[in-house]
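Data first, discussion second: the structure below is written as structure tokens.
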Amino acid sequence: MGYYYEWEPSATKNGTEKFTGYLRDAESGLDYAVNRYMQPGMGRFLTADPSAGSDPASPETWNRYAYVLDDPINYHDPYGREACPPDDPCQPPSTFPGPGGSPGLGTPDPPFGNPEPVDPLPPICNTKLGNNKSTLAFVSDNYNAALCLAAESGVSVSWLLGWAAEESGYGGSPQAGANQNHVNESLPKGSVTGGWVNAVACPAGSASGWACFNSFYDSFYAALYTQHQSWSYPGQTNPSVLSIISAVLSANPNATESQVFQAVAGAGFDAKGSPTNAGYGDRVQNVTAGVIKRLKCLGD
């Protein structure tokens, strides 16, 4: 599991010169190396070295995205093209060679030139935009618990996290914060646990009307495995969410996530108090699509 994109422990101003001598662009978080950009968090360029190919006799050159052959103590690279010793000013050449040594990008205007275009960082991965920091943190913090539950239940990690994200607003609901209740397991008045597996007595300050748990894992385990006398699903007595998911996928292995969770809602799951639970499966599936994008930010 990796980490989401966090540019610097503290903010930097646009144009600030950093460790490599490159200028940090405050909007993208990338370092401008004249001919290409470098991602400082990864310590690597975002595009291949435009100046030369690899040297079979020098394994360090095989990675054309690395910064100064992975040896920043002994080399520098002010123009994003080659590793130069400390006493070498590493001046830019008059032309940039293309494939096979042919003329390529033309003549730069020293000392800047024209950087090779790079794909922008996906906005959803930028923790400085909107609520990305909190939503990425939700996915990152609960990934390992979801991974364990996926191994036990056979339900995919993305479906589990997507369902929890839809129900809890990426962990932003009062019950998620105060009760560790991430799937909106309700607590009838006068009940201690509401019959939910793993539920505990709610401490002072808990969100009223919702069951309490000790962890995300406990809450989600309860959501999957608790059996419900009041629910109704064909061929099942006291169905659980997991038994319904299994039945839907057994009948149709190609069933979509929307179809699966619509069946869960139709059996009796109270999807955010909706009288008919109409469109519930679509909502879960749409949120899961966002979770999958965030998992890619995290390197999963």
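The values are calculated or read from the model by the stated rules, or taken from the named source; none is laboratory data. Just so we're clear, the structure is a prediction, and the values are computed from it rather than from any experiment. Don't worry about glycine lacking a Cβ; one is built from the backbone with ideal geometry, like all the others, and counts go over all protein chains shown.
The sole residue among SER58, SER140 that is of a type in the set (Ser, Thr, Tyr), at pLDDT 70 or above and at negative phi is SER140.
Every residue, every condition in (1) surrounded by 21 or more Cβ atoms within 10 Å (Cβ to Cβ); (2) under 22 Å from SER153 (Cβ atoms), yes or no:
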{"site": "GLY205", "(1), (2)": "no, no"}
{"site": "GLY209", "(1), (2)": "no, no"}
{"site": "ASN238", "(1), (2)": "no, yes"}
{"site": "ILE244", "(1), (2)": "yes, yes"}
{"site": "VAL248", "(1), (2)": "no, yes"}
{"site": "VAL260", "(1), (2)": "yes, yes"}
{"site": "GLY279", "(1), (2)": "no, no"}
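Considering only region 167-175, I want to know if a residue exists there that is under 18 Å from the mean Cα position of the chain (by Cα), within 30 Å of GLN39 (Cα to Cα), of a type outside the set (Asp, Glu) and in the same structural domain as LEU242 (by TED's automatic domain parsing). Yes; the residues of region 167-175 include at least one that is under 18 Å from the mean Cα position of the chain (by Cα), within 30 Å of GLN39 (Cα to Cα), of a type outside the set (Asp, Glu) and in the same structural domain as LEU242 (by TED's automatic domain parsing).
For (1) over 15 Å from TRP163 (Cα atoms); (2) assigned by TED's automatic domain parsing to the domain that holds TRP231; (3) modelled with pLDDT under 90, each residue gets a yes or a no:
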residue: LEU249; (1), (2), (3): yes, yes, no
residue: ASN252; (1), (2), (3): yes, yes, no
residue: THR256; (1), (2), (3): no, yes, no
residue: GLN259; (1), (2), (3): no, yes, no
residue: VAL264; (1), (2), (3): no, yes, no
residue: ASP270; (1), (2), (3): no, yes, yes
residue: ARG283; (1), (2), (3): no, yes, no
residue: VAL287; (1), (2), (3): no, yes, no
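Listed here are the helices (runs of 4 or more DSSP H) enclosed by region 137-252 that have at least 3 residues being in contact with a helix residue (DSSP H, G or I) (Cβ under 7 Å, 6 or more places away or on another chain) and of a type outside the set (Val, Ile, Thr): 157-168, 216-225.
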